[in-house]
Structures are given as structure tokens and as C-alpha cells.
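S.K.: Would you mind keeping the following structure in view while I ask a few things?
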Amino acid sequence: MKHQHDTIEEEIRPSLGEIGRWPLALRRLHQRLTPRFARPEPRRHALLYLQAIVSDIPRKNGWQIAEHAKQLRPYGMQRLLSRAVWDVDGVRDDLRTYVLEQLYRPGDAYTIGVLDESGFPKRGNKSAGVKKQHCGVSGRVENCQVGVFLSYVTTQGHALIDRDLYLPEDWLSDRERCSEAGIADTVPFRPKWELALEMLKRAREAGLPMHWVVADTVYGQAVDLRNWRCRNMATPLFLPSLVMSLSALQPLRVDACLRKPQWPMPPSYTSRIGSGSA
């Protein structure tokens, strides 16, 4: 997150006592995921992988993660992410439940869903969905994969709760290439806003309280997404540079929208939001 876009004046840091409890909390979370794995080997590698991801090793590639786990080669970690059998969507659902338990407090009126995408630079052309497209990490067009993500923000903190890989239309029209990448023939093309909509639907079906949704204009301009948001949530869809009023579908400046009494927002979330040029 860019410094000038921070929404709180002081960074909230965990205490040493909280940090000391993280390893045990991670093991307990991993135990909840046990039914999602068909075999003990990938389940064990999943814990080692998570421990490496939250560690301070400088690079999180296969070799570095394997070294952190005291393994001679990265093949076990690579197998976990490529060919091992485990319920990926089930783990996602377990994570969403865990995040709700940790971050939501009854009566919290400021729960926010944040939709955004991110790119993953790649050198080759075999990874599913890879092509020359805008990469948010570098801020330019380059060879990369793009994922759409939904994070959950409350007064207690924030965490990612869902994701989906964007597959460009030209990729899905090349069935031979899809077959090599493990993409089934039944997978249809879905634009990014549709991936975002499906994630919002899953969150709602799971009973996740969400009073606001924040997204870029790529998603705010999608009529079907706005209409669903209008039918299922009483508050509007907020965009970084402008606000789309779902009742009238009329773009407004952020500073003008925040003055409307029927759309209250907590001062800690609005004190440092730029109004953009819309």
C-alpha cells in the first residue's frame, strides 16, 4: 500500500507477546485444514510452506523455502503446488471462516471488502493465463499472470479471503495450450469483474458481514456487478478516485460523497483518502 494512501495515522504493530503466539496459532490453523488433504505428505509440506512464507527469508522461491524447511531439494514444495491432491477451495473456505473469527466483532459497522488484482511476472509462456498484459507489481505491460483478489478489512485488521486466476480470452481459444496447462475444456472465459462478482457471492453465501465494497473503476464500471451490489448491500461501491452511487448510477467525487449523511464512514477510514480528479 502506498504511503500517501494509508487510512490510519499510526501503524498498528503487534506486541512481542502476540508475535510469540503466532507459531502455535499457525499450527492450530494447519490442524483445521487436515481433512482437506488426501495424503499426509502434502499436508506436512503445507505447514512447512506456510512457516517459510511468514518467515523473514529474503526470497520465497522453491529453493529458499526448501532450505528453510531443512530439505535438500524443492521437489516436495513444488509438488504441493502443482500435482498434490488437496481441496483448494475447501482450504479457501476454512481460511474465510478463520478470518471471520479473528477479525469480526459483533456490532462492527465498518466491515469492508476490497477487490483488486495483482500481476505475477513470468519469463516463460507455459503458466496458465500468462501473456503480455498490465502488471500491477511493476506498473507496466509485461509477461505475467493476473489474479483477482478479495480481502476483508475490519477495525481489527485485514486479510485475503478469496482469489481467482484471470484467463485471457485468447488463452481459452487455444484448447491445446489449455490442455498442456491443465485447464479443462469446460472452463469459460470470465472477465475480471465477473471473477470479482463470484467472490462477493461466495462471501455473502458464507454469511460474511460486509458493509462496504471498495474497488477500482475496472469493477465499478461493470453494470452487472453494480446491480448485484445494489440489490444485496445497502451501501454504495466505493472507488479510489470516484464513488459510484448504485441507486442512481451517477459518478461523484469522493469528497462530495463523504459529505452525504446517508453514507456514513468512520473517520479513521476517510481522513486520508484522496478525492482524485473525477
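Each value in this text was obtained by applying a stated rule to the coordinates, not by laboratory testing. Source: prediction; values computed, not measured. Virtual Cβ from ideal backbone geometry, glycine too; neighbours counted across all protein chains shown.
S.K.: What does the net charge come to around Asp174 if you take all other residues with beta carbon closer than 13 Å to its beta carbon, with K and R at +1 and D and E at -1?
M.R.: Local net charge: -1.
S.K.: Trp86's amide H: which non-local residues (gap 5+, or another chain) put their own amide H closer than 5 Å, with H modeled 1.01 Å from N in plane and none for Pro or chain starts?
M.R.: Close amide H contacts, sequence-distant or interchain: none at all.
S.K.: Just from the alpha-carbon atoms, what are the Rg and Dmax of region 1-136 in angstroms?
M.R.: 17.9, 50
S.K.: Report the relative contact order of region 56-169, percent, no decimals, based on alpha-carbon pairs under 8 angstrom and at least 6 residues apart.
M.R.: Here the relative contact order equals 21 percent.
S.K.: Would you kindly derive the ³J(HN,Hα) couplings of region 50-62 from the backbone phi angles with the Karplus curve 6.51 cos²θ - 1.76 cosθ + 1.60 (θ = phi - 60°), listing them in order in whole Hz, with x for Gly and Pro?
M.R.: Each residue of region 50-62 in turn: 5, 4, 6, 4, 8, 7, 9, 5, x, 10, 9, 8, x Hz.
S.K.: Name the long-range amide H neighbours of Arg190: under 5 Å, sequence gap of 5 or more, or other chain; modelled H, no Pro or chain starts.
M.R.: Residues meeting the criterion, in which the H sits 1.01 Å from N, are Leu167.
S.K.: Mind listing the phi-derived Karplus ³J(HN,Hα) values for region 137-154, rounded to whole Hz, using 6.51, -1.76 and 1.60 with θ = phi - 60°, and x for any glycine or proline?
M.R.: Using θ = phi - 60°, the values come out as 5, 9, x, 9, 7, 7, 5, 6, 9, 10, x, 9, 10, 10, 10, 10, 10, 9 Hz.
S.K.: Additional query: Determine by what factor the alpha-carbon radius of gyration of region 80-182 differs from 2.2 N^0.38 Å, reporting the quotient.
M.R.: 1.31
S.K.: For Glu169, Glu117, what's the fewest-to-most ordering of other Cβ within 10 Å of each Cβ?
M.R.: Least crowded to most crowded, the residues run Glu169, Glu117.
S.K.: Suppose each label sits 7 Å from its Cα in the direction of the beta carbon; what would the Thr155-Ile57 distance come out to in nanometres?
M.R.: Taking the simple label geometry, Thr155 and Ile57 are separated by 3.9 nm.
S.K.: Taking a ≥ b ≥ c as the square roots of the eigenvalues of the Cα gyration tensor of region 14-86, is the shape rounded (a/c under 1.5), prolate (a/b larger than b/c) or oblate?
M.R.: Oblate, since a/c reaches 1.5 and b/c is not below a/b.
S.K.: Spelling out what I want: for every residue of region 160-166, take phi, set θ = phi - 60°, compute 6.51 cos²θ - 1.76 cosθ + 1.60 (Karplus), and round to whole Hz; glycine and proline get x.
M.R.: 6, 10, 7, 7, 7, 8, 7
S.K.: For Cα pairs less than 8 Å apart in space and 6+ apart in sequence, what is the mean separation divided by the residue count of region 14-86, i.e. the relative contact order in percent?
M.R.: Over region 14-86, the number comes to 31 percent.
S.K.: Arranged by the count of other C-beta atoms within 10 angstrom, fewest first, what order do Glu101, Glu180, Glu142 take?
M.R.: Lowest to highest Cβ neighbour count: Glu101, Glu180, Glu142.
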